[in-house]
Amino acid sequence: MKINFTKMHGCGNDYVYVNCMEKMIDNPEEVSCFVSDRHFGIGSDGLILICPSDVADFRMAMYNADGSEGKMCGNGARCIAKYVYEHRLTDKKQISLETKAGIKYLDLTVDGNEVSLVKVNMGAPILKPDKIPVITDDIEESFINKPLNVAGKEYMVTCVSMGNPHAVVFVEDTKSFDIEKYGPAFENYPAFPDKINTEFVQVLGRGEINMRVWERGSGETLACGTGTCASVVACVLNGVTDNEVTVHLLGGDLFIKYDREKEIVWMTGPAKTVFKGEIEI
């Protein structure tokens, strides 16, 4: 089977995108494993399919590098917006996108015929432990700044779901942090029945943080949209930043605004096309 694809990234969080508006591909889990391989495939953090929807303009089907299906990808949503506009699948600059985490609404900034920035309404953060999910004996309605002993070290952890589950951990220095040791330990920690994405955050000021992310099923990636949103929510809930924050990721910057009154998280950032091609699966 041959498929046409487009390689795209949002702040270095790269996926292989396939237009499935007319025909779905078979075995997307296996295809994701193959195309994600950076030695024998195309090389990516996973596979994203652009599909028709009965309830929105388009639908996202997102798969991690290990073939597991994810519910939502913020960087992927921005790239889909760029793809559908520049490939003339729509002429709208405000589109809706169906995901397994609900319908997301995207505002496109267009320069000439190209989409340069996309602002995404990421919806409300989920804080209830059983909805994230987190297994805990605590009867509180949230899991904010709670101690967990991971790989022999105690961390204060805040858990948030933005469609995907996230554990946010504050560290002194993201650059020197041993993410290869602690990332897998958090991902497979028994309190997280669906595994977890973990963000390691260094607070630089009231409106600025550094962040590194270990994504379940993919390992360390250069950026994570839902994780960036979860990190800012955690920062606000812990009182260490204001509600508008520039997040410095390994692959670039994202701007996040957490509107607590409306319970909406907004994410603004770029989307880039790397190359197009055809590959035989």
Consider Phe186 against the criteria (1) in a helix (DSSP H, G or I); (2) within 25 Å of Lys119 (Cβ to Cβ): it satisfies all of them except one. Which criterion is unmet?
(2)
Mind counting the residues in segment 219-233 that are crowded, with 24+ Cβ neighbours inside 10 Å and more than 9 Å from the chain's Cα centre (by Cα)?
5
Do we have any residue at all in segment 178-196 that's within 13 Å of the chain's Cα centre (by Cα) and touching a residue at least 12 places away in the same chain (Cβ under 8 Å)?
yes
Out of everything in segment 102-126 that is in contact (Cβ under 8 Å) with a residue 60 or more places away in the chain and surrounded by fewer than 21 Cβ atoms within 10 Å (Cβ to Cβ), what residue ends up being farthest from Val233 (Cα to Cα)?
Ser116
I'd like to check something: does segment 26-40 contain any residue that is touching a residue at least 40 places away in the same chain (Cβ under 8 Å), assigned to a loop (DSSP other than H, G, I, E, B) and of a type outside the set (Ser, Thr, Tyr)?
no
Note on Asp111: of the conditions (1) within 18 Å of the chain's Cα centre (by Cα); (2) in the same structural domain as Met8 (by TED's automatic domain parsing), unmet is (1)
Pick from Glu278, Glu244: which is over 20 Å from Leu117 (Cα atoms) and either modelled with pLDDT of 95 or more or in contact with a strand residue (DSSP E or B) (Cβ under 6 Å, 6 or more places away or on another chain) (or both)?
Glu278
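One line per residue, one yes/no per condition, for (1) part of a loop (DSSP other than H, G, I, E, B); (2) among the aromatic types (Phe, Trp, Tyr); (3) in contact with an Asp or Glu (Cβ under 8 Å, 6 or more places away or on another chain):
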| position | (1), (2), (3) |
| --- | --- |
| Asn210 | no, no, no |
| Ala230 | no, no, yes |
| Cys235 | no, no, no |
| Asp242 | yes, no, no |
Lone qualifier among Glu208, Glu199 - being surrounded by 19 or more Cβ atoms within 10 Å (Cβ to Cβ) and among the charged types (D, E, K, R):
Glu199
Counting only residues in segment 48-92 that are basic (Lys, Arg) and in contact with a Ser or Thr (Cβ under 8 Å, 6 or more places away or on another chain), the one modelled with the lowest pLDDT is identified as Lys71
Residues (surrounded by fewer than 19 Cβ atoms within 10 Å (Cβ to Cβ) and among the hydrophobic types (A, V, I, L, M, F, W, C)) located in segment 4-49
Cys20, Met21, Met24, Ile25, Phe34, Phe40
Among residues of segment 168-183, those that are hydrophobic (A, V, I, L, M, F, W, C), assigned to a loop (DSSP other than H, G, I, E, B) and closer than 24 Å to Gly74 by Cα, counted
1
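The values are calculated or read from the model by the stated rules, or taken from the named source; none is laboratory data. Just so it is clear, the model here is predicted, and its values are computed rather than measured. Here the Cβ is made from the backbone with ideal geometry for all residues, glycine too, and neighbour counts use every protein chain on show.
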